[in-house]
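Q: Quick one: the structure is below, and I'll ask about it shortly.
The values are calculated or read from the model by the stated rules, or taken from the named source; none is laboratory data. In this text, all values refer to a predicted model and were calculated from it rather than measured experimentally. Cβ placement follows ideal geometry from the backbone for every residue including glycine, while neighbour counts extend to all protein chains displayed. Please note that ligands, DNA and RNA were not included when accessible areas were found on the heavy atoms of the full protein model with its side chains. Shrake-Rupley method; radii C 1.70, N 1.55, O 1.52, S 1.80 Å.
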Amino acid sequence: MALTAVKGFNDILPDESGRWRYIEQTARRVFERNGFGEIRVPVLEKTELFCRSIGDATDIVEKEMYTFTDKGENSVTLRPEGTAGVMRAFIEHKLYAQDPIAKLYYMGPMFRYERPQKGRYRQFHQIGAEITGVNDPLADAQVLNMLTAFFREIGLTEPTLQINSLGCPECRPAYRNALRGFLEERMEHLCEDCKRRFATNPLRTLDCKVPGCVEATLGAPSVLEHLCSGCEDHFSSVRRYLDLSSTPYSINHRMVRGLDYYTRTTFEMVTGLLGSQSAVAAGGRYDGLISQLGGPAIPGIGFALGLERVALLLGSQDFVSLPDLFIATMGNGERDAAFRLMDGLLKSGVRVEMDYEGKSLKSQMRRADKLKARYSVVIGGNEVVSGRASFKRMADGLQADAELTVAGIQKLVGKPEQ
Ligand code: ATP
Ligand code: MG
């Protein structure tokens, strides 16, 4: 039997990878313009890193991690998200000693043992960005504006920004109690997971997708009404900065995040087009995380976006790069000339294809069509002698006479001369 990939792990084929590169390139451009530098960290970390950062009582740590014991009896985990590893590296390399304000971005695969479906896989890819060392809400607003700019520049208007504040260790306990008080009277309507969450992590009940739980928590108290004055000021400043930059957003007081390290500002980019996989990007402030991991008391804020979900939203737009020219030959006598011309064109940056197998002219032209070449040319004895040929623009069949040289073809297909 032929071998297949592991369930929930996908191949990205050449048809699709152009779209991925476009997403990655847009992110790099937008993030680097904002002063972010790329960090590349391992996909495998000590399990403890994720338990201590994401939190033991979260879905990720409880159910979704790819954890195993290596040959040296160490418990290791394929990273389920990026922030923990990036902050581990930030602390390990004392990046804060040069400058506590670090702006970092990353991209790469993440691993969660979830039920695979459209927009949800076991290996998926995130692009994320983090700013450390800034308490001021201005950093929150810059991160949100950068995320908004990414979606605008990639050409998507659909995901919209929702923001919330989860408070801080000072005010959250009071909110948690208020929420428990509310849930206590509705216990019988909650799913088994939420009954458990009631004790361990009651805020997560607000994020449960089971219809009964959604209904039971409809009138739940709002976290925004339980913020301490510091958190309230912070949240209203974030909103003011967003207004100053005309960034559209809405407030969703029920938004909680599946990671324990978040404080104050949290946010999601949400779409209605991917069913229950509605979050395309998500993030928030994590003022306690760096010290929790053994580093100095430095605040941070960041987000991660899901590449697969962005790719789904981009739909079937063509991101495949197409040949500029297909060179066909009348017969074998012209193959050397065609090969030399192709070689010269490739060396000067023109994307060109020719027939590899000495097929008939008809089948060569079929291949030019199939490859969606922009131009085609047929080289016969006359063309070799005269050094000129008639080039066909494939989209409309328009014929243009041009020199059969690298320079002549560069001019025709509109590539910059080198
Ligand atoms: P969801 O509510 O859909 O499970 P999440 O809250 O677990 O998302 P985060 O941990 O915040 O998601 O990750 C950030 C982004 O990564 C998500 O907005 C989503 O685009 C993407 N993502 C998360 N899990 C998966 C997955 N299993 N497959 C594909 N993309 C994912
Ligand atoms: Mg999830």
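Q: Hey, can you tell me all the residues within region 353-369 that are of a type outside the set (D, E, K, R) and open to solvent by less than 90 Å² (accessible area, probe 1.4 Å)?
A: Residues satisfying the conditions are Met354, Gly358, Ser360, Leu361, Ser363, Gln364, Met365, Ala368.
Q: Restricting to region 118-129, name every residue that is more than 9 Å from ligand 1 (Cβ to nearest atom) and either modelled with pLDDT under 95 or within 10 Å of Arg309 (Cβ to Cβ) (or both).
A: Matches in region 118-129: Lys118 only.
Q: Next question. So which of Val214, Val256 ends up being assigned by TED's automatic domain parsing to the domain that holds Asp59 and either farther than 17 Å from Gly55 by Cβ or not in a helix (DSSP H, G or I) (or both)?
A: Numbers: Val214 fails: assigned by TED's automatic domain parsing to the domain that holds Asp59.
Exactly one of Val214, Val256 is assigned by TED's automatic domain parsing to the domain that holds Asp59 and either farther than 17 Å from Gly55 by Cβ or not in a helix (DSSP H, G or I) (or both), namely Val256.
Q: Can you tell me which residue within region 99-115, out of those that are open to solvent by 10 Å² or more (accessible area, probe 1.4 Å) and within 8 Å of ligand 1 (Cβ to nearest atom), is modelled with the lowest pLDDT?
A: The extreme case among them is Glu114.
Q: For region 34-51, does any single residue satisfy the condition of being within 16 Å of ligand 2 (Cβ to nearest atom) and open to solvent by less than 20 Å² (accessible area, probe 1.4 Å)?
A: Yes, region 34-51 contains at least one residue that is within 16 Å of ligand 2 (Cβ to nearest atom) and open to solvent by less than 20 Å² (accessible area, probe 1.4 Å).
Q: Before we move on, is Ala311 among the aliphatic types (A, V, I, L, M) and either out of contact with any helix residue (DSSP H, G or I) (no Cβ under 7 Å at 6 or more places or on another chain) or farther than 24 Å from Arg19 by Cβ (or both)?
A: No.
Q: Kindly list the number of the only condition in (1) assigned by TED's automatic domain parsing to the domain that holds Glu130; (2) in a loop (DSSP other than H, G, I, E, B) that fails for Gly219.
A: Going through (1) assigned by TED's automatic domain parsing to the domain that holds Glu130; (2) in a loop (DSSP other than H, G, I, E, B) one by one, Gly219 breaks only (1).
Q: Given (1) without any contact (Cβ under 8 Å) to a residue 12 or more places away in the chain; (2) surrounded by 14 or more Cβ atoms within 10 Å (Cβ to Cβ); (3) among the small types (Gly, Ala, Ser), where does Ala139 come up short, assuming only one miss?
A: Looking at each condition in turn, Ala139 falls short on (1).
Q: Here is a further query. Can you find even one residue in region 1-9 that is away from ligand 2 (no atom under 16 Å from the Cβ), among the aromatic types (Phe, Trp, Tyr) and open to solvent by 20 Å² or more (accessible area, probe 1.4 Å)?
A: Scanning region 1-9, I find at least one residue that is away from ligand 2 (no atom under 16 Å from the Cβ), among the aromatic types (Phe, Trp, Tyr) and open to solvent by 20 Å² or more (accessible area, probe 1.4 Å), so the answer is yes.
Q: Kindly state which strands (runs of 3 or more DSSP E) lie completely within region 298-403 and contain at least 1 residues that are within 30 Å of Gln123 (Cα to Cα) and more than 33 Å from the chain's Cα centre (by Cα). Reasoning before the result, please.
A: Numbers: elements: 300-306, 325-329, 352-354, 375-379, 388-393, 399-403.
Passing ranges: none, list empty.
Q: Restricting to region 116-136, name every residue that is more than 16 Å from ligand 2 (Cβ to nearest atom) and open to solvent by 10 Å² or more (accessible area, probe 1.4 Å).
A: Passing the criteria: Gly133, Val134, Asn135, Asp136.
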